[in-house]
1. Any residue at all in segment 95-103 that is at pLDDT below 90, over 30 Å from Pro136 (Cα atoms) and in contact with a Gly (Cβ under 8 Å, 6 or more places away or on another chain)?
2. Are any of the residues in segment 109-118 at positive phi and either touching a residue at least 40 places away in the same chain (Cβ under 8 Å) or not small (Gly, Ala, Ser) (or both)?
3. Could you list all residues from segment 48-75 that are β-branched (Val, Ile, Thr), surrounded by 14 or more Cβ atoms within 10 Å (Cβ to Cβ) and in contact (Cβ under 8 Å) with a residue 24 or more places away in the chain?
4. For segment 63-81: of the residues being of a type in the set (Phe, Trp, Tyr) and under 23 Å from Ser137 (Cα atoms), which is nearest to the chain's Cα centre (by Cα)?
5. Would you mind finding the one in Phe62, Phe16 that is over 23 Å from Thr91 (Cα atoms), among the aromatic types (Phe, Trp, Tyr) and in a helix (DSSP H, G or I)?
6. Within segment 118-125, can one find any residue that is of a type in the set (Val, Ile, Thr) and either loosely packed, with under 11 Cβ neighbours inside 10 Å or in a loop (DSSP other than H, G, I, E, B) (or both)?
Amino acid sequence: METQEVGPLHARVNRFGNVLVVSFHYLALFAIGASIVWSAAFAFLGMAGKGHASIEDILLLFIYLELGAMVGIYFQTNHMPVRFLIYVAITALTRLLIGDIQAHHRLDSGIVMVAGAILLLALANLVVRYGSARYPSSTP
């Protein structure tokens, strides 16, 4: 008789737990999306206040765009687009590379290492794209 009581209670607790998880999921996605929009707007207003935008500023806006697209895709599909994370990393390293060259006006091993990291990320993107095309994931 106790096992009959545990079954319905367990099902109710599971349903409640699922509601909490889904609610947190959507709340977190909206919070992340809102913080991306807020940060992008703040960066854009800073550029407008300066009266011009540098290449670093434009690349920063591209990072925000890629992060926003990643959140949008995750919101719609519940799948984390790993390629977008790689794009964000490539853009961030490119921004770092440009800023370093503009600031120091010299070529050194740091620039070569950052360029090598960009190359590795591009190769990682190629591997991910090839793997996705060659071995597509099954959808439940």
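1. yes
2. Step one: list which residues in segment 109-118 are at positive phi, which gives none.
Within segment 109-118, not a single residue is at positive phi and either touching a residue at least 40 places away in the same chain (Cβ under 8 Å) or not small (Gly, Ala, Ser) (or both).
3. Of everything in segment 48-75, those that are β-branched (Val, Ile, Thr), surrounded by 14 or more Cβ atoms within 10 Å (Cβ to Cβ) and in contact (Cβ under 8 Å) with a residue 24 or more places away in the chain turn out to be Ile63, Val71.
4. Going through segment 63-81, the residues of a type in the set (Phe, Trp, Tyr) turn out to be 64, 74-75.
Those left that are additionally under 23 Å from Ser137 (Cα atoms): 74-75.
Details: Tyr74: 10, Phe75: 12 Å.
Checking each candidate, the answer is Tyr74.
5. Working: Phe62 fails: over 23 Å from Thr91 (Cα atoms).
On inspection, the qualifying residue turns out to be Phe16.
6. Here is the first cut: in segment 118-125, the ones of a type in the set (Val, Ile, Thr) are 118.
Now restrict to residues that are either loosely packed, with under 11 Cβ neighbours inside 10 Å or in a loop (DSSP other than H, G, I, E, B) (or both): none.
Checked segment 118-125: no residue is of a type in the set (Val, Ile, Thr) and either loosely packed, with under 11 Cβ neighbours inside 10 Å or in a loop (DSSP other than H, G, I, E, B) (or both).
The values are calculated or read from the model by the stated rules, or taken from the named source; none is laboratory data. Source: prediction; values computed, not measured. Neighbour counts are summed over all protein chains in view; Cβ atoms, including those assigned to glycine, are modelled from backbone coordinates with ideal geometry.
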